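Right, one structure below, let's go through it.
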Amino acid sequence: MGPSIDEALRNAIREAVEFLKGRAGLSAAEAYALCSLGVDFRIGEAVNNVLMVYGVIPKRLFKRVTGR
């Protein structure tokens with residue numbers, strides 16, 4: 001959430017990067033690059049001064065190939 005859609009998007013990206021760093025063990029640069037390629041950021045709400053953006057991270061980004 002933020003005072004503008006731009007700020008809400010910056011916050012959503014920052015939180016997605018932190019999530020990917022912790023969950024997938026990526027560096028900040030790797031997580032940011034993955035956000036730009038694989039995360040779908042959507043406007044969740046933009047009514048009555050409530051501005052919210054959230055990121056949808058596909059589960060397939062976390063699948064690992066085994067047995068190779």
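The values are calculated or read from the model by the stated rules, or taken from the named source; none is laboratory data. All figures in this text were calculated on a predicted structure; none of them were measured in a lab. We place every Cβ from the backbone using ideal geometry, glycine too, and count neighbours over all the protein chains shown.
Here are the numbers:
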read-out: Residue, nearest to the chain's Cα centre (by Cα), within the stretch 47-57, restricted to residues that are at pLDDT 90 or above and not hydroxyl-bearing (Ser, Thr, Tyr); value: 55
read-out: Test for residue 22: is it in a helix (DSSP H, G or I) and out of contact with any Asp or Glu (no Cβ under 9 Å at 6 or more places or on another chain); value: yes
read-out: Residue 47 being among the hydrophobic types (A, V, I, L, M, F, W, C) and either touching a Pro at 6+ places or on another chain (Cβ under 6 Å) or loosely packed, with under 11 Cβ neighbours inside 10 Å (or both); value: yes
